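Take a look at the structure set out below.
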Amino acid sequence: MISWSYTSIPSLACAGRLTWKARGYICANYETRYAIRRHRLLDKSGVGPPTRLVLERDGGVRGYATINNDIDTDLAERIDRIPVSRYRNFSIVAHVDHGKSTLSDRLLELTGTIPKGSVGQFLDRLDVERERGITVKAQTCTMLYEHNGEDYLLHLVDTPGHVDFRAEVSRSYASCGGALLLIDASQGVQAQTVANFFLAYSLGLKLIPVINKIDLDHANIPRALEQIETMFELDSDTAIPVSAKRGTNVETILPAVVERIPPPVNNIEKSLRCLLVDSWFDTYLGVILLINVVDGVLKRGDKVISAHSHKRYEIKDLGILHPDRKPMPHLKTGQVGYAVLGMKTISEALVGDTIMHLGNVVEALPGFEEPQPMVFVGAFPAEGIEFQTLDERINQLVLNDRSVSIQRETSNALGQGWRIGFLGTLHASVFQDRLQQEYGASLIITFPTVPYKVVWRDGQETIIRNPDDFPDPAIHKTKVKDLLEPMVKAIMSFPQEYLGDVIELCENNRGTQVDMTFLSQGNQVLLQYLVPTSHLVDDFFGKLKGLTKGYATLDYEDAGYQSAQLVKMQLLVNGNSVDALAQVMHRTLAEKRGREWVKRFKRFLRAQLFETVIQAAIGSKIVARETIAARRKDVLAKLHASDITRRQKLLRNQKEGKKNLRMIGKVTIPQEAYQGFLSKGEPN
């Protein structure tokens, strides 16, 4: 049955023949007398565009109809015949660049979900993912697979590999019963491989080790097999060696998934409970939810309620991702799919929320632990962009990335903006790129800062996320008991030959060694250090990759707070503080960084008619200074054989005029100066 909706006709339905109801009577079998023209309407989501039908008779338009959702009845009936015992929900987890997305492509091709030879990294749909060659957003897909003459419903999740997107990985595990643990045969087990393994193991997922890139000349399969046993205590005999790029031995993975990964628990008779796993914004449909049906059955037209907001909704549309949106009449226990409830604002869609039937409220599902941002930046609209427009675009993007925290703030220098929290510097960079590519909006991003803690003498504690809120030095001795900075435990793996350089890097970044392990079957070292988070976000990983010629990998986890000598350094222009450029740092770094700041900022400021002084200050103490000389007019140009006293008088008047101008003049700092100063590249 295909459902229709109308612009000018009360109702219409099609089941083999066209039936038209209008003006209180039904006109059937008019398909021979009416010409139907179809016009495709573009849907920005790229999934399931609707079709506009124009009904004509005798050259005149008699009505219009729009197909909202064409249900593939054959596909729906085939899925309905599959019992829950033949469902398998699994994910692919690995370190960055170990071949997760390429392996996903091969699995989609094997099941006929996408045609062979499709564009590479099919599930990496964001422009920023294709540009950077990494997965930043977990993507899901439902596949149908025939094994031993029986159909199986497989739900695949391709997860990110970088530590900054760990929240995506943990959410993906919630709907899975197992995972493929992917290991690069040429690089072996790396830092994020270890972190993902322990996360999956703690959730009780069934793990299937897969060794990828066996076709490379420098692949070391025996080393990878031994690491699987020694580090993960998994049976190396169960490991599956493959080459995802060439498709070698990939066909053995899906039978292993069917045989080793358990199906979801069959709770189809229970009351409905759906876990909200993810959400995104569509221009035409509003908020679209990705849900995991834990109990019961969800149908179109069902009245539901949110356990979080207690708001009521009606299911407008639902279906599976195969790989694009495929409308279905219902979703049942064990299935993961999308649902459109008519939500209009991002605050209504809370990841981890439970959707239940109205009038049959049951206990809510546990949900997810809220990720705590580790890096905060100030973000302000670039010149020519309205604040309100950009605010709407940022909030729409936050809907698709709920690990981002956002709060409005105001800067004297840059005006209205936001204080945005991220899980890492790569996370912040990707967010900025997505905003530019998907919405055409650009931001001015300030220095990344981390949440410091102030312990007051009265016992209270305050988290400082904005340098403007850092306590003034004048009250330190009287009111502040201690200042604490956040720490992380950094886990690095790299070849032994770079051990000395890496230890020196960690020590220079005020690190403390925790553990060092020499991995068997190879020359790899697993090094653990306690490092201040402020140093980690200051391109620590870039420096690590540079020292090890790109061979190092990095993972990190929160390690609490530690007492430190912290100060706030400000940049002053003619004695006026530039609040957007203030930063909290350790006292030992202040003088060196202050000298770098004033020299760099001097390059981006234009000369004025009066002298401009740029200073780096800690409280009332000036630690560095640069001066931009005033622009001078040649007041002696018209004098030829005049008396010297006349010349001296003109120069004296000019000097006094510039002195008075400096007292009342104000340096206007253009946005280009902020952008140039805050950019990582060297100025031209």
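Here, each number is a calculation from the coordinates, and none is a lab measurement. Predicted model, so just to flag it, every value in this text is computed and none were measured. Don't worry about glycine lacking a Cβ; one is built from the backbone with ideal geometry, like all the others, and counts go over all protein chains shown.
Mean silhouette area of the range 230-273, derived from the convex hull of its C-alpha atoms and averaged over all directions, reads 5.8 nm².
Taking every C-alpha pair closer than 8 Å and separated by at least 6 residues, the mean separation divided by the residue count of the range 273-357 gives a relative contact order of 40 percent. With a Förster radius of 22 Å applied to the beta-carbon distance between A607 and L651, the computed FRET efficiency rounds to 0.70. In this label model, V361 and L216 are separated by 5.5 nm, measuring between points 7 Å along each Cα→Cβ vector. One Cα centroid belongs to the range 470-489, the other to the range 274-303; the line between them spans 46 Å. The phi-based Karplus calculation (6.51 cos²θ - 1.76 cosθ + 1.60; θ = phi - 60°) puts the 3J(HN,Hα) values of the range 497-505 at 5, 9, 4, x, 5, 5, 4, 4, 4 Hz, whole numbers, x for Gly and Pro. Each residue of the range 219-229 was assigned a 3J(HN,Hα) from its phi angle through the Karplus expression (A = 6.51, B = -1.76, C = 1.60, θ = phi - 60°), giving 5, 10, 5, x, 5, 5, 5, 5, 5, 4, 7 Hz with x at Gly and Pro. Dividing the Cα radius of gyration of the range 273-357 by its Kirkwood radius returns 0.91 for Rg/Rh. The amide H of F610, built 1.01 Å from its N in the peptide plane, has R631 as neighbours under 5 Å, considering only residues 5 or more places off or on other chains. For the pair S309 and T73, a Förster radius of 45 Å applied to the C-beta separation gives a FRET efficiency near 0.85, rounded to the nearest 0.05. The distance from the alpha carbon centre of the range 543-622 to that of the range 371-412 is 23 Å, rounded to a whole number. Highest-first packing order for the peptide set 540-546, 153-159, 139-145 is 153-159, 139-145, 540-546, based on the mean count of other beta carbon atoms within 10 Å. Extension gain for T478 to E557 (0.36 nm times residue separation, less C-alpha to C-alpha distance): 25.0 nm.
Both radii are taken from the alpha-carbon atoms of the range 73-260; with Rh as the Kirkwood radius, Rg/Rh is 0.95.
Site pair D80 and T410 shows an inter-label distance of 6.0 nm when each label is modelled 7 Å from Cα along Cα→Cβ. In the structure shown, the pairs K100/K303; K568/K599; K543/K602 are assessed against 28 Å; a Cα-Cα span above that value is assigned to K100/K303.
Per-residue 3J(HN,Hα) values for the range 532-546, derived from phi via the Karplus relation 6.51 cos²θ - 1.76 cosθ + 1.60 with θ = phi - 60°, read x, 4, 4, 7, 4, 7, 8, 6, 4, 5, x, 5, 5, 5, x Hz in sequence order (x marks Gly and Pro). Between M516 and Q565, the contour length at 0.36 nm per residue exceeds the alpha carbon distance by 14.8 nm. With 0.36 nm allotted per residue and the present C-alpha distance subtracted, the V455-A629 stretch has 58.2 nm of extension available. Pairs K592/K621; K545/K592; K453/K489; K116/K245: which are spaced more than 20 Å apart, C-alpha to C-alpha? Distance filter (> 20 Å) returns K545/K592. The calculated FRET efficiency for E251 paired with R593, based on their beta-carbon distance and R0 = 56 Å, is about 0.50. Label-to-label distance, K344 versus E392, with points set 7 angstrom from Cα along the beta-carbon direction: 1.3 nm.
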